[in-house]
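In what follows, a structure is listed as structure tokens, so that the remarks can point back to it.
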Amino acid sequence: AYGFLGFTAVGAGGMLGGHLAYRQASGANHAEEVPNVVSPGWHRVGTVDEFPAGEPVRRSVDDVPVLVVRESGGAIHALAERCSHLAGPLSEGTVADGCVRCPWHGSVFRLSDGWNVRGPATSPQPSFETRITGGEVEVRLRHQNGGEPAGPGREPNGQVHGTRTGAAHGDGGHG
């Protein structure tokens, strides 16, 4: 009897674990490869006029889809476009309160740093620094540990010289 109960508990645990892992993609990160695919440095994604305020726009950097959103105040944010949960197209999602909501399962990500505000996603979105140079919007991958790339041209507040948007918040992705 105890053997049968043990077998039942193991079977139920396996079914639940399989359902969570394979059907619900619990704990999966479909945006994990982005830092390995995007080359270092700044990448042009378009002119400022190509990004209507409050509207998500899809662009590509090194064959990686990127979501670019210009806020009504002029700040420009960029995230990996495929949701970390099940690779849903964030450019088809809704933008509100400084966040984007995935149209497939409702995960909500903060535009400023990619932090997942609400699940089912368990991983943040890779985020990009942004800058405007001569009317052109450029992006570069931000470090995912909340830090910024070290190097010349960095001001004490984490902003890159010549940028008007995409300043680092220095909150380590928590908030």
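Laid out as a table, the results:
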quantity: Accessible solvent surface per residue of region 29-141, calculated while the other protein chains remain in place, 1.4 angstrom probe, Å²; calculated: 43
quantity: Label-point gap, in nm, between THR133 and ALA1 - each point 7 angstrom along Cα→Cβ; calculated: 7.6
quantity: Ordering of 1-10, 107-116 by packing [mean C-beta count within 10 Å, highest first]; calculated: 107-116, 1-10
quantity: Spin-label model distance (nm) - ARG58 vs TRP104, 7 Å beyond Cα toward Cβ; calculated: 1.2
quantity: Prolate/oblate/rounded label for region 29-141 (Cα gyration tensor, a/c 1.5); calculated: oblate
quantity: Solvent-accessible area, 1.4 Å probe, carbon plus sulfur percent, for region 29-141; calculated: 46
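The values are calculated or read from the model by the stated rules, or taken from the named source; none is laboratory data. Model, not experiment: these values are computed from the prediction. Methodologically, a virtual Cβ is constructed for each residue, glycine included, from the backbone with ideal geometry; neighbour enumeration extends over all protein chains shown. To get the accessible areas, we keep the full protein, side chains included, count just its heavy atoms, and leave off ligands, DNA and RNA. Shrake-Rupley method; radii C 1.70, N 1.55, O 1.52, S 1.80 Å.
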